[in-house]
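Structure record follows, encoded as structure tokens.
The values are calculated or read from the model by the stated rules, or taken from the named source; none is laboratory data. Everything quoted here is computed from the prediction, not taken from an experiment. For neighbour counting, all protein chains shown are included, and Cβ atoms are generated from backbone atoms with ideal geometry for every residue, glycine included.
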Amino acid sequence: MGLIKKGERNLEIAKILDTQEFLKMSNLQKEHLCSTIINRLYYGVYLIGKGKLLQKDSTLKEEDFLGHGTLNQINNQNLNPNSKHLWIRLMQYYPRAICVRGVKLREIREMYDYRSDDMNKALQDLQSAKNIAQYLAKQLKELQ
């Protein structure tokens, strides 16, 4: 299975985790699933992005590690084709704004994985993460 398909599968898993049926079956509150859903959304988009980059960049291999990058790195890098960060390398093929959204989604993921226990804010951020992921998946897939 290619990276793009794996990415799409992760986006589907996020949708399933975000349904009422799953919540009833799991007996969990939605607030407690936000981190997991956001994780699947980001990882799905990351894999789609890496899959698209593999199609364009023959120097890259599927097993090569690519970090995520930060907003500071995006602002300080001039389309470095050898960057070790996915979102910076993707700026060669996509508008900067798309790559910035990828980093912002990663930041939301990091916040809920490592720092935040604010469950009310988690529901708001989940909606934001879903919107960003949906936009990114569509934009990334449109690259020819």
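Points to keep in mind about this one:
- Of everything listed in (1) under 15 Å from the mean Cα position of the chain (by Cα); (2) modelled with pLDDT under 90; (3) at negative phi, the single unmet condition for GLY69 is (3).
- Candidates LEU54, LEU41, LEU86, LEU71, filtered to the one that is surrounded by fewer than 16 Cβ atoms within 10 Å (Cβ to Cβ) and touching a helix residue (DSSP H, G or I) at 6+ places or on another chain (Cβ under 8 Å): LEU71
- Here the condition is being farther than 30 Å from GLU31 by Cβ, of a type outside the set (A, V, I, L, M), more than 12 Å from the chain's Cα centre (by Cα) and surrounded by 18 or more Cβ atoms within 10 Å (Cβ to Cβ); of TYR112, TYR94, it holds for TYR94 alone.
- Being in a loop (DSSP other than H, G, I, E, B) and modelled with pLDDT under 95 holds for only one residue in GLN92, GLN55, and it is GLN92.
- Taken together, the residues in the stretch 83-132 that are of a type in the set (S, T, N, Q) and touching a residue at least 24 places away in the same chain (Cβ under 8 Å) amount to 2.
- Residues that are modelled with pLDDT under 85 and either at positive phi or part of a helix (DSSP H, G or I) (or both), drawn from the stretch 95-120: TYR112, ASP113, TYR114, ARG115, MET119, ASN120
- Whichever residue in the stretch 17-38 is without any contact (Cβ under 8 Å) to a residue 60 or more places away in the chain and within 19 Å of LEU105 (Cβ to Cβ) and, among such residues, is surrounded by the fewest Cβ atoms within 10 Å (Cβ to Cβ): THR36
- Scan the stretch 69-89 for residues that are within 19 Å of VAL45 (Cα to Cα) and part of a helix (DSSP H, G or I) and the total you get is 6.
- Exclusive hit being crowded, with 19+ Cβ neighbours inside 10 Å, aliphatic (A, V, I, L, M) and either assigned to a helix (DSSP H, G or I) or over 13 Å from the mean Cα position of the chain (by Cα) (or both), set LEU123, LEU140: LEU140
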